[in-house]
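Visitor: Could you have a look at this structure, given as structure tokens, before my questions?
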Amino acid sequence: MGEFLFEALVEDMPVSHQKAAREFLAEKIEEFLKEHRFSYDKLEVFSTPRRLTVAIYGELSAPPGEELVVGPPVNLSFDEEGNPTPAALGFARRLGVEVEELERIEKEKGEYLAYRIKKEAPSFREVFPPFLSELLARIPFPKTMRWDGHRFSRRVKSILALMDGQEVEMEAFGFRATRITKGHRIFAPIFVQASSVGDYLQGLKDAFVVVKNEERLEMIARGLEVEAQGYQPPPGRVLEFWRDSVEYPNVFSGSFPEKYMELPPEIITSSLEEEMGLYLLRNEDGPVNRFIGVADNPNSDLSKVIAGNERVVKAKLEDALYFWRKDREKSLEVLRQELENVLYNDVVGSYLKKTQRLESLAKGLISSALADPILKEAASLCKSDLVTELVGEFPSLQGVAGGLILRHQGKPEKLWRAVYDHYKPGGTGEELPSTTEGKLLSLIDKLDHLVVAFATGYRPSGSGDPLGVRRAALGIIRLLVEGNLQLDLSGLIDAAIGLLAEEITLTSNLKDEIEEFILKRAEQKFSSEGYPIQHIRAVLEAEGLRLPVAYSKLKALERIKDSEALTALIQTHRRIKNITLGQEPKKLAPERFSSPYEKNLLEILTTVDSASQVFIEKMDYLSLLDGLLSVVPFINDLFENLMIMDKDQEVRENRIALLQMADEVLSRFIDFTRLQEP
Amino acid sequence: MSIQDLIFSLQRFWAEQGCFIAQPYDLEVGAGTMTPDTFIRVLQEEELKVAYVQPSRRPADGRYGENPHRVAKHYQFQVIMKPAPEDIINIYLRSLEAIGIELTSHDLRFAEDDWEAPTLGAWGIGWQILLDGLEITQFTYFQQAGGRDLRVVPVEITYGIERLEMFLEEKDNIYELDWGGGKTYGELRLQEEKEFSKYNFEEADREMLFRLFEMFEEEAGRLLEKGLILPAYDHVLKCSHTFNLLDSRGAISVGERTKFILRIRDIACKIAEKITEGKDGRVSL
């Protein structure tokens, strides 16, 4: 079996750059291999801070190919006598063939002359290296370094490329590829020569570099079994950070003086995790004064590493304690006045003004009985912590710090929790606020952010969204759908726009743009969860910003999405629509029904209709859908046994009226014909 | 190893790498980057290898001598090499060995940290270097200074002297460090920290500082028009320090902060423009 190996040796790439780079390379290389029909068994991409590695295993051969060249339309290629025109002759001449050798192909706009140029089977060794060089330059890093006319995450030191044990001619970043790389910077700063992928991996392992990311993760897991036994395991985010920040992981643990446990664990975590990559240990009773970390050091004795980390942890916690003791005595009402000087947006002004808008939105929610009156106080105080020393030192504690201060001052849990949680959910997969008031505060905060951004002319671009409006929109969607908030989002947007209209001039289509933006994000979110796009569009079209309803319907449909029952329902609804389309509403006269088919259908429609009101009220769309499915056979019986378009006008109109009723009942869910292209 | 021995060792090491050892600049600056030996020289075309100690003042970091880690004035050891040598990271590792750090007993990390100096229109790509979790060095490849792309990329290595010394002495109180000559850091500097904290936070005359800022700013602009680049730059540094004092006195709101920074940056960028458009991009120093 053949194989290809590439490595770029780099000066330390940030952890935050690596995952996206690996995924980008894997995706684009796979596309390339498929496009050129190269046979391969496996593609692997690895990274450490110092290297980016690609290994491809398999024959790496491709069948001969052909390129289709399309020429002039056939009707312009031959004159009335069937002789080739100059257009046809010119096309043939350019290809160096006779007109007779050309073939005809059908295209959308008609028939065209065409020719298939035979191509030799591409050689992997020739076509892949230049593709890879060009691909490396396109990796979308969050930020790149520029040096000597090159750009990459960080400065590249050398490149290695091998195919079936042979060096490959390849150039990138001003280097020619060799078969040589280097071992661990401190523990084996030696050259490592590779003649195969296996050789490369083993040679580097001997030089204290574990190339495979998953292997480093396993080493960390084994280390945790020793160092963190009896404690809760660190979350995936921490494990991935450790994995991608070292070449040879070695788990260690340490402790700090008990007195710093006076600090809320959130603050200890910020000091330890964000700045030092250490994780605070927890047992069933909560956090303890111990931490674990991962060193890039293969030695069994890490005593100096531990002692050093313990000294730094102590110093940081001492600082944090100083800030916490100062901040926790401060009044958030007083701090709020300082927000006048903190700019939120250069058109609409300070954070103080923002909290005033949030207060107004909160009042609206309270008066429509959606929230506890304490939401207003939470809205007014939620940004005060921006001027605390804690948030100055640990920006990620925004919200949390305010909540902790309120809790320390003995304020009600509903109040402090709402402030504490109101930035949640920060990103995909992050948890929602735990209380209704927290969810509502988060919702109006994000909504105000979105409205202010759009009102001041900001639009996210394909590549960038510095104000994070996509994240805000996604947060709003998750709060509504997963947080199951029953509120009128459309009205809330109107209210948020209304508050801004008092300050600045707004464009008339602002609401439409915001609505469209949120719906587009909802479509993408639901689609990423695996729901069929036709279903998503149908429910969003029906429900608009009533996102929880749209989502419930989507979930109900999911249960029957591949079933014949759904296909039948769609077909039946289409048959109904084919008849009722364009018809004036007709009056139903049940007393004139002569057949059991009409009577039976009416009976079941009436039953389902009254039940549907209850289901809709309870948002039980599964039951509603079940009800509708039970109607389908009766409609079909009607179609199969009766002519709808009876000669008698009264009979005809009465049957149409019955189908109009059926349409109305089915449409309580959605227009099912939208689920499938006709 | 005392602080003075640490400085001697670093000077010796970098002199051996071909650096000239400059002396500290005689104005208040927030960092070694701000002195003309870095800011002005990285903008010029010539190759550059320089190292020096620079006392750096950050008024808002003062803690009245009560915090064992934070001080309003600390010492930086600054190295600039342009172009950045190909094996600069290895050279840096050897400098750590030269001051007695046995790297195989420790955990050395290059943690992402892209340095930025908004008042100078300067930024770079690089790392803070952590030794057993302690930040001992800022390592930066400059990308821009004075708002201008640097065609030849310089590397800046800034060692925190006190941090390194705390590591070497395994102490967790800055004032207990051995300066050399039988003196501790505290004996030589504690009084200064106490008095300057009081000055920086409580006593500095805001009205005077606002006036001074205006005067320095105006003077910098006037000198720049006369082509006196270095004196103009001195006044940028004076503006910058005055701004830092106003900041620690709480005289500048968050909104105004940005405006002050932009005012300083504006002159720094004009200076950069003058230097790079001069004949061969050179000024005589």
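The values are calculated or read from the model by the stated rules, or taken from the named source; none is laboratory data. For clarity, every value in this text was computed on a predicted model and none was experimentally measured. Positions of Cβ are generated from backbone atoms using ideal geometry, with glycine treated the same way; all protein chains shown enter the neighbour counts.
Visitor: Taking the stretch A:527-542, which residues are crowded, with 19+ Cβ neighbours inside 10 Å, part of a helix (DSSP H, G or I) and of a type outside the set (A, V, I, L, M)?
Guide: Of everything in the stretch A:527-542, just one residue is crowded, with 19+ Cβ neighbours inside 10 Å, part of a helix (DSSP H, G or I) and of a type outside the set (A, V, I, L, M), namely A:His535.
Visitor: Also: Between B:Tyr185, B:Tyr175, which is within 14 Å of chain A (Cβ to nearest Cβ), closer than 30 Å to B:Arg94 by Cα and at pLDDT 95 or above?
Guide: Of B:Tyr185, B:Tyr175, the one residue that is within 14 Å of chain A (Cβ to nearest Cβ), closer than 30 Å to B:Arg94 by Cα and at pLDDT 95 or above is B:Tyr175.
Visitor: Given the conditions (1) surrounded by fewer than 20 Cβ atoms within 10 Å (Cβ to Cβ); (2) under 23 Å from A:Phe394 (Cα atoms); (3) in contact (Cβ under 8 Å) with a residue 40 or more places away in the chain, report the number of the one that A:Gly236 does not fulfil.
Guide: (3)
Visitor: Take the residues of the stretch A:283-301 that are within 13 Å of chain B (Cβ to nearest Cβ) and touching a Gly at 6+ places or on another chain (Cβ under 9 Å): which is surrounded by the fewest Cβ atoms within 10 Å (Cβ to Cβ)?
Guide: So, considering only residues that are within 13 Å of chain B (Cβ to nearest Cβ) and touching a Gly at 6+ places or on another chain (Cβ under 9 Å), the one surrounded by the fewest Cβ atoms within 10 Å (Cβ to Cβ) is A:Ile292.
Visitor: Could you grab the pairs with beta carbons closer than 7 Å, sequence gap of 6+ or different chains, first residue in the stretch A:390-404 and in contact (Cβ under 8 Å) with a residue 12 or more places away in the chain, second one of a type in the set (Lys, Arg) and in a helix (DSSP H, G or I)?
Guide: Every condition considered, the pairs that remain are A:Gly403/A:Arg417.
Visitor: For the stretch A:256-305, enumerate the residues that are of a type in the set (Gly, Ala, Ser) and without any contact (Cβ under 8 Å) to a residue 40 or more places away in the chain.
Guide: A:Gly277, A:Gly286, A:Ser300, A:Ser303
Visitor: Any idea how many residues of the stretch A:145-181 are surrounded by 15 or more Cβ atoms within 10 Å (Cβ to Cβ) and either in contact (Cβ under 8 Å) with a residue 24 or more places away in the chain or not in a strand (DSSP E or B) (or both)?
Guide: 21
Visitor: Let me ask something else. Of everything in the stretch A:41-74, what is over 30 Å from the mean Cα position of the chain (by Cα) and either in a loop (DSSP other than H, G, I, E, B) or acidic (Asp, Glu) (or both)? Give them in sequence order.
Guide: Of everything in the stretch A:41-74, those that are over 30 Å from the mean Cα position of the chain (by Cα) and either in a loop (DSSP other than H, G, I, E, B) or acidic (Asp, Glu) (or both) turn out to be A:Gly58, A:Glu59, A:Leu60, A:Ser61, A:Ala62, A:Pro63, A:Pro64, A:Glu66, A:Glu67.
A quick yes/no check of all residues on (1) of a type in the set (Lys, Arg); (2) more than 29 Å from A:Val156 (Cα to Cα); (3) touching a Pro at 6+ places or on another chain (Cβ under 9 Å); (4) in a strand (DSSP E or B):
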site: B:Val53; (1), (2), (3), (4): no, yes, yes, yes
site: B:Tyr64; (1), (2), (3), (4): no, yes, no, no
site: B:His74; (1), (2), (3), (4): no, yes, yes, yes
site: B:Phe77; (1), (2), (3), (4): no, no, no, yes
site: B:Met81; (1), (2), (3), (4): no, no, yes, yes
site: B:Tyr92; (1), (2), (3), (4): no, no, no, no
site: B:Ile101; (1), (2), (3), (4): no, no, no, no
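Visitor: I need the full set of residues from the stretch B:99-122 which are among the aliphatic types (A, V, I, L, M) and more than 9 Å from every other protein chain (Cβ to nearest Cβ), in order please.
Guide: Those that are among the aliphatic types (A, V, I, L, M) and more than 9 Å from every other protein chain (Cβ to nearest Cβ): B:Ile99, B:Ile101, B:Ala117, B:Leu120, B:Ala122.
Visitor: Moving on. Of the residues A:Leu370, A:Leu365, A:Leu358, only one is farther than 24 Å from B:Ile252 by Cα, in contact (Cβ under 8 Å) with a residue 12 or more places away in the chain, under 33 Å from the mean Cα position of the chain (by Cα) and not in a helix (DSSP H, G or I); which?
Guide: Sole residue among the options that is farther than 24 Å from B:Ile252 by Cα, in contact (Cβ under 8 Å) with a residue 12 or more places away in the chain, under 33 Å from the mean Cα position of the chain (by Cα) and not in a helix (DSSP H, G or I): A:Leu370.
Visitor: Among the residues of the stretch B:146-165, write down those that are within 14 Å of another protein chain (Cβ to nearest Cβ) and either touching a residue at least 60 places away in the same chain (Cβ under 8 Å) or of a type in the set (S, T, N, Q) (or both).
Guide: Result: B:Arg148, B:Leu150, B:Val152, B:Val153, B:Pro154, B:Val155, B:Glu156, B:Ile157, B:Gly160, B:Glu162, B:Leu164, B:Glu165.
Visitor: How many residues does the stretch A:11-25 contain that are closer than 18 Å to A:Arg151 by Cβ, within 11 Å of another protein chain (Cβ to nearest Cβ) and not small (Gly, Ala, Ser)?
Guide: Adding up the residues that qualify gives 6.
Visitor: Let me ask another. One residue is enough: does the stretch A:109-126 have a residue meeting the conditions closer than 30 Å to A:Pro14 by Cα, among the acidic types (Asp, Glu) and either touching a residue at least 24 places away in the same chain (Cβ under 8 Å) or within 14 Å of chain B (Cβ to nearest Cβ) (or both)?
Guide: So far as the stretch A:109-126 goes, no, none of its residues is closer than 30 Å to A:Pro14 by Cα, among the acidic types (Asp, Glu) and either touching a residue at least 24 places away in the same chain (Cβ under 8 Å) or within 14 Å of chain B (Cβ to nearest Cβ) (or both).
Visitor: Can you name the residue in the stretch A:263-282 that is of a type in the set (Gly, Ala, Ser) and either part of a helix (DSSP H, G or I) or more than 21 Å from B:Asp107 (Cβ to Cβ) (or both) and is also nearest to the other protein chains (Cβ to nearest Cβ) among such residues?
Guide: Step by step, filter the stretch A:263-282, then rank; the result is A:Ser271.
Visitor: So for the stretch B:123-143 (the condition being within 11 Å of chain A (Cβ to nearest Cβ), under 19 Å from B:Ala22 (Cβ atoms) and touching a residue at least 60 places away in the same chain (Cβ under 8 Å)), does at least one residue qualify?
Guide: Yes, the stretch B:123-143 has at least one match.
Visitor: Still on this structure, please answer the following. Any residue in the stretch A:54-73 that is closer than 25 Å to A:Gly174 by Cβ, within 14 Å of chain B (Cβ to nearest Cβ) and touching a residue at least 12 places away in the same chain (Cβ under 8 Å)?
Guide: Scanning the stretch A:54-73, I find no residue that is closer than 25 Å to A:Gly174 by Cβ, within 14 Å of chain B (Cβ to nearest Cβ) and touching a residue at least 12 places away in the same chain (Cβ under 8 Å), so the answer is no.
Visitor: Does B:Ile136 qualify as being farther than 24 Å from A:Ile186 by Cβ, touching a helix residue (DSSP H, G or I) at 6+ places or on another chain (Cβ under 6 Å) and crowded, with 18+ Cβ neighbours inside 10 Å?
Guide: no
Visitor: For B:Glu86, indicate whether it is outside any loop (DSSP other than H, G, I, E, B), over 30 Å from B:Ile252 (Cβ atoms) and either without any contact (Cβ under 8 Å) to a residue 24 or more places away in the chain or of a type in the set (Lys, Arg) (or both).
Guide: Against the criterion (outside any loop (DSSP other than H, G, I, E, B), over 30 Å from B:Ile252 (Cβ atoms) and either without any contact (Cβ under 8 Å) to a residue 24 or more places away in the chain or of a type in the set (Lys, Arg) (or both)), B:Glu86 does not qualify.
Visitor: Further, regarding this structure: Condition first: polar (S, T, N, Q) and loosely packed, with under 14 Cβ neighbours inside 10 Å. Now tell me which residues in the stretch B:175-210 satisfy that.
Guide: Within the stretch B:175-210, just B:Gln191 meets the criteria.
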